[in-house]
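Participant: Sharing a structure here in structure tokens format.
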Amino acid sequence: MRAYVDPKAEFKQIFDEGWRNQRNNFYVRNLHGADWPAAKKMYEPLLPYVMHRSDLNYLMDNMGSELAIGHSYVRGGEMPDVPQSLGGLLGADFTIDNGRYRIERIYHAESWNPELRAPLSTPGVNVTTGEYIVAINGVELRAPDNIYRLLDGTANRQTVIAVNARPAMEGARNVTVIPIANEQGLRTRAWVERNRRIVDSLSNGQLAYVYIPNTGQPGYTSFNRYYFAQQDKKGAVIDERFNGGGSAADYIVDILGRTFDGYFNNPAGERVPFTSPASGIWGPKVMIINEMAGSGGDLMPFMFKHRKIGPLVGTRTWGGLVATSDTPPFVDGGSMIAPRFGFIDREGNFAVENVGVAPDVEVENYPKEMIAGRDPQLERAVQEALRLLREKPGDRMMKEPVAPNWGKRKQP
């Protein structure tokens, strides 16, 4: 005898189990003061109208919002398979010119980022900014037709684009490229490198710029790569805007707050002494924060501020720091997370959740300024770091002291 799943009965079982999981595993017993049984009674009457697994997630997400907490995600579940058709991207910006798509900018992967691939700057692809893409896979391209319509389904597949210095088919040459499915890595890297150059220019080479995208392994990799490569700088601007979190980044904060105990002399070149420990930037540090930094991206500026490493510049962080752990899956593989571990400060208060970390110097990045190519938060962070550098230039020794005469005999 064949048995069939009754979706409506399964939806109700998942709904009840998600409610119980929050009741039993929430990090504080009072569930933030919410009347959780009343919340169930409020949302349960909508269950008969749930016709799809995504509807159930939406309903449970709304019920979970009654707890007023971050990291309370409802996700997954058994969904119908939807065939994917990945749109291809060329890693470039375009403008419409003479009824054609003109290449305004080409994003580069840089030789030291093997995880990035830039289709138009790959070796052997002879395409330059200012040229026009006049056809894709033999289909002529004219504005206002959407270039991405012709790139649909081309991700990771050899694709022939016709390129011309003029906005015409005549004289165009065919170039074979392999589009990518996601340009985020290329665009983020370009943003980071632009910020680094701005900081270097505004500070006349005195300040390092270090971007920390999250507090997981990629964030540690980014920190190590940028921080330790700029140890000749007198201070640093640490940028954790849009930080996606991960873990408690005590390693990063420990390194930022470390000092040195002395020196070892350097017998080579100009004999500039080595600090001990050798690795670090010893001058002032400023951290940039914004409302899109959360979780570990909340905790890192909290620690930076608590340890008095330097000022925070920007806007208040997201405010979602109650950590998650060991969430049991539903029968169909979905989940409703009950946040498990809240952060308590040294004064004995639950902290950061639903509050965030406030800046010492509040600076808002308004769209008008950003569109014009400015970054007021970055600019102000540089100003603050330079001010601190002027107030306390630092005491890092650049020349070794007079050599001792321990071997000289005293004259009788």
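The values are calculated or read from the model by the stated rules, or taken from the named source; none is laboratory data. Bear in mind the structure is a predicted one, so any value in this text is a computation, not a measurement. We place every Cβ from the backbone using ideal geometry, glycine too, and count neighbours over all the protein chains shown. Ligands, DNA and RNA are excluded from the accessible area calculation, which covers all protein heavy atoms including side chains. Shrake-Rupley method; radii C 1.70, N 1.55, O 1.52, S 1.80 Å.
Participant: Please tell me which of these pairs span more than 22 angstrom C-alpha to C-alpha: LYS308/LYS399; LYS285/LYS308; LYS233/LYS399; LYS305/LYS392; LYS285/LYS368?
Facilitator: Table pairs above 22 Å Cα-Cα are LYS308/LYS399; LYS285/LYS368.
Participant: Among the chymotrypsin sites (Phe, Trp or Tyr not before Pro) within segment 1-101, which fall in a DSSP loop and have no more than 10 other Cβ atoms within 10 Å of their own Cβ?
Facilitator: Listed in order of number, the matching sites are TYR4.
Participant: Packing-wise, with mean Cβ within 10 Å as the measure, how do 127-139, 212-224 rank, highest first?
Facilitator: 212-224, 127-139
Participant: Still on this structure: Can you give me the orientation-averaged projected area of the convex hull built on the Cα atoms of segment 228-381, in nm²?
Facilitator: 13.8 nm²
Participant: Given axes a ≥ b ≥ c from the Cα gyration tensor, I'd like to know whether the chain is rounded (a/c under 1.5), prolate (a/b larger than b/c) or oblate.
Facilitator: It is oblate, given that a/c is not under 1.5 and a/b is not larger than b/c.
Participant: Taking +1 at the Cβ of each Lys and Arg and -1 at the Cβ of each Asp and Glu, which of VAL361, LEU388, GLY333 sits farthest along the dipole of segment 305-412 towards its positive end, judged by Cα position relative to the Cα centre?
Facilitator: Value: LEU388.
Participant: Here is a follow-up. What FRET efficiency, computed as 1/(1 + (r/R0)^6) with R0 = 51 Å and r the Cβ-Cβ distance, is obtained for VAL160 and ARG271, rounded to the nearest 0.05?
Facilitator: The computed FRET efficiency comes out at 0.30.
Participant: Just subtract the alpha-carbon distance of THR95 and SER65 from 0.36 nm times their residue separation and send over the number in nm, one decimal.
Facilitator: Length gained, THR95 through SER65: 6.6 nm.
Participant: While we're looking at this one, here's another question. Report the net charge of residues surrounding ALA338, where surrounding means a beta-carbon distance below 10 angstrom and charges are Lys +1, Arg +1, Asp -1, Glu -1. Please list the in-between numbers first.
Facilitator: Details: positive: ARG20, ARG23, ARG340; negative: ASP326.
Every neighbour counted, the sum reads +2.
Participant: Between ALA181 and ASN113, what is the spin-label point distance in nm, taking each point 7 Å from the Cα along the Cα→C-beta axis?
Facilitator: 1.9 nm
Participant: Any chance you could check the Cα centroid distance between segment 248-309 and segment 158-182 for me, in angstrom?
Facilitator: Measuring centre to centre over Cα atoms gives 47 Å.
Participant: Once R0 is set to 25 Å, what does the formula 1/(1 + (r/R0)^6) return for the Cβ-Cβ distance between GLU362 and ARG197, expressed as a FRET efficiency to the nearest 0.05?
Facilitator: About 0.45, to the nearest 0.05.
Participant: Please compute the net charge surrounding ASP35, taking Lys and Arg as +1 and Asp and Glu as -1 over other residues with Cβ under 15 Å from its Cβ. Let's see the in-between values first.
Facilitator: Working: positive: ARG23, ARG29, LYS40, LYS41; negative: GLU44, GLU66.
Value of the local net charge: +2.
Participant: Alpha carbon centre of segment 6-67 versus segment 334-356: separation in Å?
Facilitator: Going from one Cα centre to the other spans 21 Å.
Participant: Can you tell me the dipole magnitude for segment 1-159 around its Cα centre, using point charges on the Cβ only (Lys, Arg +1; Asp, Glu -1), in Debye to the nearest 20? Let's see the in-between values first.
Facilitator: Values: 17 positive and 20 negative charges, 63 e Å.
The calculated dipole for segment 1-159 is roughly 300 debye.
Participant: Assuming a ≥ b ≥ c are the square roots of the Cα gyration tensor eigenvalues, decide whether segment 41-191 counts as rounded (a/c under 1.5), prolate (otherwise, with a/b larger than b/c) or oblate.
Facilitator: Values: a/c = 3.02, a/b = 2.29, b/c = 1.32.
Judged from the Cα gyration tensor, segment 41-191 comes out prolate (a/c at least 1.5, a/b above b/c).
Participant: Quick one: dipole size for the chain, taken about the Cα centre, charges +1 on Lys/Arg Cβ and -1 on Asp/Glu Cβ, in debye to the nearest 20.
Facilitator: On the way: 48 positive and 48 negative charges, 317 e Å.
With only Lys, Arg, Asp and Glu charged at Cβ, the dipole is about 1520 debye.
Participant: Counting only protein heavy atoms and a 1.4 Å probe, tell me what percentage of the chain's accessible area is made up of carbon and sulfur.
Facilitator: Answer for the chain is 53 percent, counting heavy atoms of protein chains only.
Participant: Please list ARG23, ARG258, ARG189 from largest to smallest accessible area, probe radius 1.4 Å, with all protein chains kept in place.
Facilitator: ARG23, ARG258, ARG189
Participant: Using a probe radius of 1.4 Å on heavy atoms only, what accessible surface per residue do you get for segment 298-405? Whole Å² is fine.
Facilitator: Accessible area per residue, segment 298-405: 58 Å².
Participant: Order 359-367, 156-164, 390-398 from most to least packed using the mean count of other Cβ atoms within 10 Å.
Facilitator: Result, highest mean first: 156-164, 359-367, 390-398.
Participant: Over segment 94-233, with the other protein chains present, what is the accessible area per residue in square angstrom, probe 1.4 angstrom? Could you put the intermediate results ahead of the total?
Facilitator: Numbers: 7050 Å² over 140 residues.
Per residue, segment 94-233 has an accessible area of 50 Å².
Participant: What net charge do the residues around ASP97 carry, taking every other residue with its C-beta under 12 Å from that of ASP97, with Lys and Arg at +1 and Asp and Glu at -1?
Facilitator: After counting each charged neighbour, the total is +2.
Participant: So, one more: Suppose only helical runs count, i.e. DSSP H with n ≥ 4. What mean residue ellipticity at 222 nm does that imply for the chain under -39500 (n - 2.57) per run, divided by all residues and rounded to the nearest 500 deg cm²/dmol? Write down the numbers at each step before the final one.
Facilitator: Working: 10 runs with 113 residues, N = 412.
Helix-only estimate at 222 nm: -8500 deg cm²/dmol.
Participant: Also, I was wondering about something else. Note down the magnitude of the dipole of segment 156-297 about its Cα centre, charges +1 on Lys and Arg C-beta and -1 on Asp and Glu C-beta and zero elsewhere, to the nearest 20 debye.
Facilitator: Numbers: 15 positive and 12 negative charges, 94 e Å.
Once rounded to the nearest 20, the dipole reads 460 debye.
Participant: Rounded, prolate or oblate: which fits segment 161-231, taking a ≥ b ≥ c as square roots of the Cα gyration tensor eigenvalues, rounded meaning a/c under 1.5, else prolate when a/b beats b/c? Don't skip to the answer; put the middle values down first.
Facilitator: Details: a/c = 4.33, a/b = 2.01, b/c = 2.15.
Note, shape of segment 161-231 comes out oblate.
Participant: Of the DSSP beta bridges with both residues in the chain, give the percent that are antiparallel, rounding to the nearest 5.
Facilitator: Of all bridge pairs located within the chain, approximately 65 percent are antiparallel.
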